[in-house]
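Asker: Right, I'll just put the structure down here and ask away after.
All of the numbers you see were taken from the coordinates with simple rules; none came from a lab. In this text, all values refer to a predicted model and were calculated from it rather than measured experimentally. Cβ atoms come from the backbone with ideal geometry, glycine included; neighbour counts cover every protein chain shown.
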Amino acid sequence: MSSTASPAVTTVSSWTRRALWANLVAQIGIIVTGGAVRLTGSGLGCSTWPQCEPGEFTPQFHEEMSIHSLIEFGNRTLTGVLGVFALAVLLLVLRERFRPEWFRRLAWAPLAGVALQAVIGGVTVLAKLHPAVVGLHMIVSLALVAASAVLLAKDRATRPGADDDAFAPPETTLLVARVLLGIGAVLMVLGVIVTGAGPHGGDDEHAYRYEIDPVSAAKAHAWVAWAFVLLVAVVVVLLRRDGAPRAVRRTWWWLVAVTLAQGVIGYVQYFTGLPEIIVGAHLLGTGVLTASLAWAYACLRPVAPSPRPAEVDT
C-alpha cells in the first residue's frame, strides 16, 4: 500500500500566479494605452470596426496616412494579447479543481470582459467616440481590474492546505469598508464624467463632449475623493484597534499611499491645464487605485479553508 496525492485535488501549476500577475498588469496597461489613443486624438485612427478601414483589417501604408491609425490599431492588437493572458488564467484555474467554486467562476471574468470590451470598443468607433460609450468602456475596464486583483489576492489562500491571511473584522469595520467600496465606485464614475466633459475627446473633429461645466464636475469629483481619503483613514484606524495582522494592515497602508499619490496627480493635472502626460499618469493611477482597493477589501474577507492534499491508495 502506498499513498500519492490526487492530481485533481493538489496539482498547482507554477504558471498560475504568473498568469494572474500578467493578466492584472495587462488589464491596467490597456487602460493606459486606451488613454493614449484618446490623448493623442487617435480615437478614429481606424474609421470603422471590426475592420480598420472599409475592406482592410490593418492600416494601409501610404503617403497621406497619419500616426493615428497606427496608434489605434496598436491598441486593438494589444487587446488580443490581453485575451491570451485572460485565456491562460481561465484554463489554469479550471484545471486546478481544488479551487472554490466562486474563484473558478470569477476566473471567467477577464476573458468574458475582454470579449465584451472588444464589442464596446467597436461601438465606440461606430458612435464617433460618444462620451457615454467611451465611459462605459472605462468602467468595464476598471471592473475587470478589480476582479483580476481579487483573483490574485486570493490565489494562495485558495490552494490546498493554505492559511488565509485575511482578517475577519468586526461588523463595524466591515461596514465602513463596504461604504468605502461604494464611494470608490462613485469616485470612478465621476472621474469618467469629468473626462467626458473635458478637452481630450479622442478626436478633434468628431468627438462629442458632455454639455456640463467641467470645472463643477471636477469639483464634485474632488469632494468625493476627499470622502474616499477620509474613509480609508478610518478603516486603517479601525484595523489597528481591531488587532488586524500586519499583512492585512500593510495592504491598507499601500492603499493609503496609492490614494494620496493619485490625489496629488489629480490636483497637478487640474492646475496645469490637463497636460496629456499628467492625464495619462492619472489614468495609470486610476487602474492601480482600483486594484489596490479591491485587494485591500479582499483581505477582509477570509475564504473557507481549501481541502488538504487527499491520499489515494494504490
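Asker: Would you kindly state how much longer the chain becomes between Val303 and Gln51 on full extension, computed as 0.36 nm times their sequence separation minus their alpha carbon distance, in nm to one decimal?
Answerer: 86.3 nm
Asker: Please give me the summed charge of the neighbours of Pro170: other residues whose Cβ is under 14 Å from its Cβ, Lys and Arg +1, Asp and Glu -1.
Answerer: Its environment carries a net charge of +2.
Asker: Then there is this: Label Ser13 and Glu101 with points 7 Å out from Cα along Cα→Cβ: what is the distance between them in nm?
Answerer: 2.3
Asker: Fewest first, what order do Phe57, Phe73 take by the number of other Cβ atoms within 10 Å?
Answerer: Going from sparsest to densest Cβ surroundings: Phe57, Phe73.
Asker: With labels modelled as points extended 7 Å from the Cα through the Cβ direction, what inter-label distance (nm, one decimal) is found for Leu94 paired with Val215?
Answerer: My value for the distance between the label points is 5.4 nm.
Asker: Here's a follow-up. Exposure proxy check: Arg240, Arg38 ranked by fewest other beta carbons within 10 Å?
Answerer: Result, fewest neighbours first: Arg240, Arg38.
Asker: Kindly put Arg104, Arg76 in sequence by how many other C-beta atoms sit within 10 Å of each C-beta, fewest to most.
Answerer: Arg104, Arg76
Asker: Taking Cβ-Cβ under 4.7 Å as the only way to count a partner, pick out the unpartnered cysteines of the chain.
Answerer: Among the cysteines of the chain, those whose Cβ sits 4.7 Å or more from every other are Cys299.
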